[in-house]
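The structure appears right after this line, and notes come after that.
The values are calculated or read from the model by the stated rules, or taken from the named source; none is laboratory data. From a predicted model like this one, the values you see are computed outputs, not experimental measurements. With ideal geometry, Cβ positions are generated from the backbone for all residues, glycine too; neighbour counts draw on all protein chains shown. Note: accessible area is taken over every heavy atom of the protein model, side chains too, but ligands, DNA and RNA are not part of it. Shrake-Rupley method; radii C 1.70, N 1.55, O 1.52, S 1.80 Å.
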Amino acid sequence: MAKKNNNPQNLNKKLDDLAPDREHSANEFLTTDQGLRINDDTNSLKAGERGATLLEDFILREKITHFDHERIPERIVHARGSGAHGVFQVYESMAKYTKAGFLQDPSVQTPVFVRFSTVAGFRGSTDLARDVRGFAVKFYTEEGNFDFVGNNIPVFFIQDAIKFPDLIHAVKPEPHNEIPQAASAHDTFWDFISLTPESMHMIMWAMSDRALPRSLRMMEGFGIHTFRFINAEGKSCFVKFHWKPLLGMHAVAWDEAQKISGKNSDFHRQDLWEAIESGAFPEWEFGVQIIPEEDEHKYPFDLLDPTKLIPEELVPVMRIGKMTLNRNVDNFFAETEQVAFHPGHLVPGIDFTNDPLLQGRLFSYTDTQLSRLGSPNFHEIPINRSINPIHNNQRDGHMRQQINVGKSSYHPNTVGAGFPQQARIAEGGFTSYEERIDARKVRARSKSFMDFFSQATLFFNSQSEPEQNHIIDALRFELGKLETVAIRERIVGMLAKVSTVLAAKVAEGLGMAVPEVKEPLNHNYGADANPADYQDQPKKQIDKSPALSMANSPKDTIKTRQIAILAADGVDGASLKTMKEALLAHGAQCKLIAPHGGAIKDAKGSVLPVDMSFLTAASVVFDAVYVPAGAKGLLDNADAIHFINESYRHCKAIAADGDGVDLINETYVGPKLKKGKGDATAGVIIGKGDLSKDFIHAIAQHRFWEREKKDKVPA
Ligand code: HDD
């Protein structure tokens, strides 16, 4: 049976391309891989009913052999991922800057496949690890595939790709005992970081709430490196790429993240899947920061240094198009697991710069697919196949699919009448940007990269107070897990270079003094290099960049937010219905949670189906909680009380109608209420009748983080 097409826009070229490879078994017989119909798939062939299995049983052997080989190596990084199909459309032609075909015509929809991921954990690890998220987009353009292979953080840990294996070895589980899984809170990671001060800007991001997204649909994406746009006249400018989520950027609390990992380790994957299945298609605007060639050296950082960002206040992000994810995969392995990205998959009009991190990546991605997917023919796997037909003289290899017709497999040739032929530029032929190079061959780093802390400081200073507190707590947690005291001391010493306040607060939490760092901070240079050339040379940045704080993210929608409604037998049906309908009308999703599964009866005897019992539900997988009037049946329910306390601790919006407040009074929150009234500014809505307007506004604020430091909630 064909998969339901819930959006007419899905009728795009890539989906047409995938169609012949889809297998639908409805109304079909079971067969072997050779198409032989199977009569008995339950019993192997034996010498008598109680006898040994016969080697002759080719049906058994085929099935078991296939099973034995069903796993491929997982990605060395970004192993845990979730993918979806969609489309991209540019708002207006970008011809002024680039000749890239998919950025010319606003009426053209370009199919895309997106894979989000965590970096350090294995394939089965939790979605809620404190980690960078991968944000990879394959654009199936008419000119071939363009891969955007970015992250949800705009900078990176290291400046040169040659350190990537070291970084990853350090962050992955430690090699002797393979502990801990999907976590950076261990000695080897922080040991490496403490010797690599260039990582400190990225560390600020990784310790911030950016590393704990509420949803993959609520995080930004960044190309990180500076790339080039080239227009039809051959004129180039520099460009930084951004994805801006239309639902805003939001995060969960660390305590919550850890609990979600236990309650539902597929939380992000399921959230993405369900949003798309329900037709609430996630959307991002594609943004560019354009830097004219002549401004290359205008800023207090090097555009080629991937540990630096360009503050949006200096170069605004121009939103040039929109991506909508509108279709889930048919098969996780065939699509999400086998998709192969590569930052070197370019189209005419886009090119690289000499960022040394990017340059190293250009080798790594194809190379890794050879062992991961097992063949140089991985581009023929349906999800990787370009919609622009492939014609070249590459031949053979494991699992070749294409049947190349004809005698010629070389260029130039006459026996094939000269085909396939090279394309002129006017015919779409790709040419690299003709950058002037006049240099000595050296193993070295530019002095313009030797500024390790000033943008880390900019980031920290640009955060709201709750965000700063989260960074401090994250560092206390991570460093508190270290076994080697000297590593902890080196890091706290380095933090003092970012902010003395930050270092002092982290040190206080760890019960130590901020050490003075006497040794040279940087250990990341060659054996014969002059250490003095590799020391920090701070450059004055702008003081603050409001765009770096998630507190300034738009907070104007409750679309797709998950709202828990707590009720038991005897609930006031109207109180429940009025709120539920208002929430649904604003695009939120509601679940009725009760002491038991099945159904409850409201005060008038109407039957209300229960979505989850307190046993299968948990406050941490919801955004807000509502207690309708008629809450008597919950007053002595410890799970309901815990649910409210925990929601309060995680700073979520809470509402109670009428005598629903009696349940609130049983919790930690009760004594906080002044004369039984709520406090809309603190996200606690108490009243009688239709409270939906205030509650919806409160949910849209996402969280009331200021509660955190005041309240010691027992949850
Ligand atoms: Fe990488 C995968 C992003 C630096 C080597 N990388 C991978 C993925 C993302 C990124 C999103 C997962 C793609 C997918 O979903 O299949 N990587 C980045 C970013 C970087 C970066 C934003 C820095 C700005 N990566 C980087 C370096 C190297 C690699 C410096 C090696 C020199 N990355 C790989 C890899 C992976 C990969 C080993 C593993 C699986 C794969 O490529 O296909 O080749």
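In region 242-283, which residues are open to solvent by 40 Å² or more (accessible area, probe 1.4 Å) and in contact with a His (Cβ under 8 Å, 6 or more places away or on another chain)?
If the condition is that a residue be open to solvent by 40 Å² or more (accessible area, probe 1.4 Å) and in contact with a His (Cβ under 8 Å, 6 or more places away or on another chain), then 254, 255 are the ones that fit.
Restricting the first residue to region 355-374 and requiring it to be near the ligand (Cβ under 7 Å from one of its atoms) and among the hydroxyl-bearing types (Ser, Thr, Tyr), which pairs with a second residue that is open to solvent by 40 Å² or more (accessible area, probe 1.4 Å) and not in a helix (DSSP H, G or I) meet a Cβ separation below 6 Å and a spacing of at least six or different chains?
From residues that are near the ligand (Cβ under 7 Å from one of its atoms) and among the hydroxyl-bearing types (Ser, Thr, Tyr), there are no pairs.
On the basis of being in a loop (DSSP other than H, G, I, E, B) and among the aromatic types (Phe, Trp, Tyr), does residue 341 make the cut?
Details: in a loop (DSSP other than H, G, I, E, B): yes; among the aromatic types (Phe, Trp, Tyr): yes.
For residue 341, the condition - in a loop (DSSP other than H, G, I, E, B) and among the aromatic types (Phe, Trp, Tyr) - is met.
Pull up region 73-94, narrow it to residues that are touching a Gly at 6+ places or on another chain (Cβ under 9 Å), away from the ligand (no atom under 15 Å from the Cβ) and assigned to a strand (DSSP E or B), then point me to the one that is most open to solvent (accessible area, probe 1.4 Å).
Once the filter is applied, the top-ranked residue is 89.
What residue, among those in region 97-119 that are of a type in the set (Gly, Ala, Ser) and outside any loop (DSSP other than H, G, I, E, B), is nearest to the ligand (Cβ to nearest atom)? First the steps, then the outcome.
Initially, region 97-119 is screened for residues of a type in the set (Gly, Ala, Ser), giving 100-101, 107, 117.
Subset that is outside any loop (DSSP other than H, G, I, E, B): 101, 117.
Working: 101: 24, 117: 5 Å.
The residue in question is 117.
Could you please find all residues in region 473-502 being open to solvent by 50 Å² or more (accessible area, probe 1.4 Å), part of a helix (DSSP H, G or I) and among the basic types (Lys, Arg)?
Answer for region 473-502, where residues must be open to solvent by 50 Å² or more (accessible area, probe 1.4 Å), part of a helix (DSSP H, G or I) and among the basic types (Lys, Arg): 476, 490, 497.
Among helices (runs of 4 or more DSSP H) lying entirely in region 120-223, which contain 2 or more residues that are more than 9 Å from the ligand (Cβ to nearest atom) and open to solvent by 10 Å² or more (accessible area, probe 1.4 Å)? If you could, list the steps in order and put the result at the bottom.
Values: elements: 164-171, 187-194, 200-206.
Fully inside region 120-223 and qualifying: 164-171, 187-194.
Mind checking which residues of region 322-364 are open to solvent by 20 Å² or more (accessible area, probe 1.4 Å), touching a Gly at 6+ places or on another chain (Cβ under 9 Å) and more than 21 Å from residue 84 (Cβ to Cβ)?
Listed by number, the residues that qualify are 346, 352, 361, 362, 363.
Out of all the residues in region 431-458, which are without any contact (Cβ under 8 Å) to a residue 12 or more places away in the chain and either outside any loop (DSSP other than H, G, I, E, B) or not acidic (Asp, Glu) (or both)?
Across region 431-458, the qualifying residues are 436, 437, 439, 440, 441, 442.
Considering only region 392-401, I want to know if a residue exists there that is within 14 Å of the ligand (Cβ to nearest atom), surrounded by 13 or more Cβ atoms within 10 Å (Cβ to Cβ) and more than 24 Å from the chain's Cα centre (by Cα).
Filtering region 392-401 for residues within 14 Å of the ligand (Cβ to nearest atom) gives none.
No: region 392-401 contains no residue that is within 14 Å of the ligand (Cβ to nearest atom), surrounded by 13 or more Cβ atoms within 10 Å (Cβ to Cβ) and more than 24 Å from the chain's Cα centre (by Cα).
Looking at (1) among the hydrophobic types (A, V, I, L, M, F, W, C); (2) assigned to a helix (DSSP H, G or I); (3) within 13 Å of the ligand (Cβ to nearest atom), which is the one condition that is false for residue 333?
Unmet condition: (3).
Of the residues 535, 541, which is within 30 Å of residue 517 (Cα to Cα), outside the structural domain of residue 221 (by the TED database) and crowded, with 18+ Cβ neighbours inside 10 Å?
On the way: 535 fails: crowded, with 18+ Cβ neighbours inside 10 Å.
It is 541.
Would you point out the residue of region 616-652, among those that are more than 16 Å from residue 562 (Cα to Cα), modelled with pLDDT of 95 or more and among the aliphatic types (A, V, I, L, M), that is surrounded by the most Cβ atoms within 10 Å (Cβ to Cβ)?
Ranking the candidates gives 634 first.
For region 184-215, name all the residues that are over 16 Å from residue 156 (Cα atoms) and within 16 Å of the chain's Cα centre (by Cα).
Here is the first cut: in region 184-215, the residues over 16 Å from residue 156 (Cα atoms) are 185-188, 191, 209, 212-215.
Across region 184-215, the qualifying residues are 209, 212, 213, 214, 215.
When the residues of region 600-615 are narrowed to those that are assigned to a strand (DSSP E or B) and under 24 Å from residue 264 (Cα atoms), which ends up least open to solvent (accessible area, probe 1.4 Å)?
Pass one, region 600-615, residues assigned to a strand (DSSP E or B): 600-602, 607-609, 612-613.
Now drop any that are not under 24 Å from residue 264 (Cα atoms), which leaves 609, 612-613.
Numbers: 609: 94, 612: 44, 613: 19 Å².
For region 600-615, the residue satisfying everything is 613.
For residue 655, are the conditions met, namely being crowded, with 24+ Cβ neighbours inside 10 Å, part of a helix (DSSP H, G or I) and of a type in the set (A, V, I, L, M, F, W, C)? Step through it out loud before you land on a result.
Details: crowded, with 24+ Cβ neighbours inside 10 Å: yes; part of a helix (DSSP H, G or I): no; of a type in the set (A, V, I, L, M, F, W, C): yes.
Criteria not met by residue 655.
Which residue pairs have Cβ atoms closer than 9 Å, lie 6 or more positions apart in sequence or on different chains, and pair a first residue in region 522-541 that is over 11 Å from residue 451 (Cα atoms) with a second residue that is open to solvent by 80 Å² or more (accessible area, probe 1.4 Å) and not polar (S, T, N, Q)?
Close Cβ pairs satisfying both conditions: 526/443; 529/443; 531/523; 533/447.
Among (1) of a type in the set (Asp, Glu); (2) under 21 Å from residue 245 (Cα atoms); (3) buried (at least 16 other Cβ atoms within 10 Å of the Cβ), where does residue 556 come up short?
(3)
What is the number of the single condition among (1) farther than 27 Å from residue 123 by Cβ; (2) more than 11 Å from the ligand (Cβ to nearest atom); (3) not in a helix (DSSP H, G or I) that residue 323 does not meet?
So residue 323 meets the others, but not (1).
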